[in-house]
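A short write-up of the structure that comes next.
The values are calculated or read from the model by the stated rules, or taken from the named source; none is laboratory data. All figures in this text were calculated on a predicted structure; none of them were measured in a lab. Backbone-built Cβ (ideal geometry, glycine too); neighbour counts: all protein chains shown. Ligands, DNA and RNA are stripped out before the accessible areas are found, and what is left, the full protein with its side chains, is counted by its heavy atoms. Shrake-Rupley method; radii C 1.70, N 1.55, O 1.52, S 1.80 Å.
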Amino acid sequence: MKHSSDRARRLADRCAVRAFVLTALLPLPAFAHGGQYRGPGETAPPGQGSTAAQPSSSGNGVTTGGSTAPPAPAAGPTSSPTATPLSGRGPAGGGRRGINIGPDYHQWQFWWEYNKERYLGRRSSRFGRGETEHWLGRGVAGAAIEAPSMADLRAVLPPLLATLQEAKTSPDVASSCMIAIARIGIEAGCIEAIRPFLDDANQEKRETAALALGIAGLPAAAPLLEGLALGKWEQKDVDVRTRAFALYGLAAGSARRADFVAEPGRLQATLVQLSRDSAERDDVRVAAVHALTALARREPDSGLARATLVELRDLMRDENAMVAAHATIATGRILEHSSQDVSKFVASLAELLGRTTASRDVRRSACIALGHVRDARSFERVSEVLRQQIETSRDLAVRRFATIALGEVGAADGLDYLIARLQSGKLQEGDRVWTALALGIGGRSLDRDGEAKVRQRISDALRREFEATKQGLPASGIALALSLVGSRDVGAAILDRLQAHRNDDEAASYFALALGLLREREHRDVLREISVDSVRREILLTQGAIALGLLEDPEIVHDLTTRLSSAASVTAKSSVARALGFLGDRSSLGELVKMLEDRSHPDLARAFAAVAIGLACDREELPWNARFAAGSNYHAQLETLVGGSAGILDIL
């Protein structure tokens, strides 16, 4: 009875937190694995995923189902001690019927949330200053945000390990601790602490352990992950979700360390076999494609990369549209950093876009992949193909992904086309924001003297569009575009909009972030007053804290640390902890560790403390999951990627 009552209280706490945020018309970041905000919704694109989770029971009356059902307030997928591996492939049940009233995944906010890390550059600026002094444990005198030193990392590791090894650790706390330990990436005790969870009765703990071993980037973990991916662990069958998470772990480890895999050629052969096997579930095949991509991207001009591209070109035409869509993205990601002639690849993508029988997910992926082209010899053809899709495709996602891709390529004729399109006055509001963002991305790369005039033309066009757009949310998207291109003297106008729309959490959060990206420090006081006083408005608090971190605000860390110790509710503590984690200042670690170790706090509060410690101590230039999220076709998602709090991109 005690177990059932504890579980009931836990679910009640979650429901209360969700209810509070939903009353403000904001999605609460999902809790399983430690969730995060991905735009104005928290479930996978409706009807797009090709798999649904097999319903599983935790033995206490709580059942979780597939992604076609609204996300339950439970801690993600759980299982009984005799969990049955998933079998077969494709949807486990019928799709939705009737009118779809879920989130609109054609909105620009989704694209931004999946791609923002490469534009924020928070970690590169945080760790780039005085790096030697940080690792010697001395910090940097006078820096507003001081990254943790190696001594700090070693100091927070024991509390995380001790919490992980507590008896009856909840899935929330255990998963958050494992990911935090992995982010730190120090070998001492990491594998030994995480490995036992690979055999845990709880599904969430098993799959998180597999992923965490890869995120840590420790070469000794690679053989364990390969065995899991192949479906065997200590003579036991491995369920499909854990196999997929192990493959994503191999991808994360390969991206983190060049020596993560001892025999890359042998692993490549294994991954090719898994990705081509039509008897495998989509989750496994797609995860194998991601692992292949990470392995090849280490040396994009190598023989291994060329062989991988040959395999991916075949998979781009696979009869399984989900696999083909991800293989198409993978090819673009590898060629983005290659010096070889990509004309054949461009021709293949153009041919896919011209095929009437190609699925919409494959066509969307083809547009995204064209945006990865960096070979100037192919710019003219790429621009031609993308413009044709913008003007003729009947699929809204194809048109909008093609618009962004044209900005990412950054060729002069493509930027001229986008400027003319924005100024035509013929675009609907949504398309204007997408076009503005594409121009912001394209203008961001124009930093040479010879391109100053083009950059100014882009800035002028964006400024006129910003002034003409009165609604808060569309204007905030254009404000982000202005900040990406580095427009001058627009900070005051954006601040005015922030103050005018301060009660619109979503719009206000993007106005705040735009001010941070502009690096105009004179607006810090007003920005702090609006965002730091928003403890119960989680999205605004987090985005505002990131903005103040970009502006090197000297007070933000102290203010949030003080609020963390005094906050009374789980919602407030979790929001402040997440914001501190994103800022990543070493002075906040003491309070976060105290919160983690205090067992009187609810599990969710302790879990968010672990999440924040991991975020603050992450030494990578980009968060591990940004490599999966950036440039992804989020319409072609599987439950193990984004599944209503149950995928790797739901993890903080």
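Of the residues A305, A269, which single one is out of contact with any helix residue (DSSP H, G or I) (no Cβ under 7 Å at 6 or more places or on another chain), without any contact (Cβ under 8 Å) to a residue 40 or more places away in the chain and among the aliphatic types (A, V, I, L, M)? Show your work before the answer.
Working: A305 fails: out of contact with any helix residue (DSSP H, G or I) (no Cβ under 7 Å at 6 or more places or on another chain).
So the residue among A305, A269 that is out of contact with any helix residue (DSSP H, G or I) (no Cβ under 7 Å at 6 or more places or on another chain), without any contact (Cβ under 8 Å) to a residue 40 or more places away in the chain and among the aliphatic types (A, V, I, L, M) is A269.
Of all residues in region 612-638, which are more than 19 Å from W112 (Cα to Cα) and open to solvent by 10 Å² or more (accessible area, probe 1.4 Å)? It would help to see each step written out before you state the result.
Initially, region 612-638 is screened for residues more than 19 Å from W112 (Cα to Cα), giving 612-620, 638.
Matches in region 612-638: R619, E620.
Listed by position, the helices (runs of 4 or more DSSP H) enclosed by region 465-557 that each have at least 3 residues that are small (G, A, S) are 472-485, 491-500, 505-518, 538-550. Considered as a group, the residues in region 110-131 that are more than 13 Å from the chain's Cα centre (by Cα) and either open to solvent by 30 Å² or more (accessible area, probe 1.4 Å) or at pLDDT 95 or above (or both) include one that is nearest to F401 (Cα to Cα), and that residue is S124.
Against the test of being in contact (Cβ under 8 Å) with a residue 40 or more places away in the chain, open to solvent by 40 Å² or more (accessible area, probe 1.4 Å) and touching a helix residue (DSSP H, G or I) at 6+ places or on another chain (Cβ under 7 Å), the options D259, D172, D200 yield a single qualifying residue, D259. As a summary of the residue check, I441 satisfies the conditions (1) open to solvent by 20 Å² or more (accessible area, probe 1.4 Å); (2) hydrophobic (A, V, I, L, M, F, W, C); (3) under 22 Å from the mean Cα position of the chain (by Cα) except for the one numbered (1). Considering (1) touching a residue at least 60 places away in the same chain (Cβ under 8 Å); (2) open to solvent by 10 Å² or more (accessible area, probe 1.4 Å); (3) not in a loop (DSSP other than H, G, I, E, B), the lone condition that R364 does not fulfil carries the number (2). When V323 is tested against (1) closer than 20 Å to F628 by Cβ; (2) modelled with pLDDT under 95; (3) touching a Leu at 6+ places or on another chain (Cβ under 8 Å), only condition (2) is not met. Each residue in region 242-256 was checked for being open to solvent by 10 Å² or more (accessible area, probe 1.4 Å) and within 24 Å of D318 (Cα to Cα), and 1 pass.
Would region 545-552 turn up any residue that is β-branched (V, I, T), within 11 Å of A579 (Cβ to Cβ) and either open to solvent by 10 Å² or more (accessible area, probe 1.4 Å) or in contact with a Lys or Arg (Cβ under 9 Å, 6 or more places away or on another chain) (or both)? Yes, some residue in region 545-552 is β-branched (V, I, T), within 11 Å of A579 (Cβ to Cβ) and either open to solvent by 10 Å² or more (accessible area, probe 1.4 Å) or in contact with a Lys or Arg (Cβ under 9 Å, 6 or more places away or on another chain) (or both). When each of V140, V156, V173 is tested for being within 27 Å of D553 (Cβ to Cβ) and modelled with pLDDT of 95 or more, the lone residue that passes is V156. Scanning region 444-462 for residues being charged (D, E, K, R) and either open to solvent by 70 Å² or more (accessible area, probe 1.4 Å) or touching a strand residue (DSSP E or B) at 6+ places or on another chain (Cβ under 9 Å) (or both) gives a total of 6.
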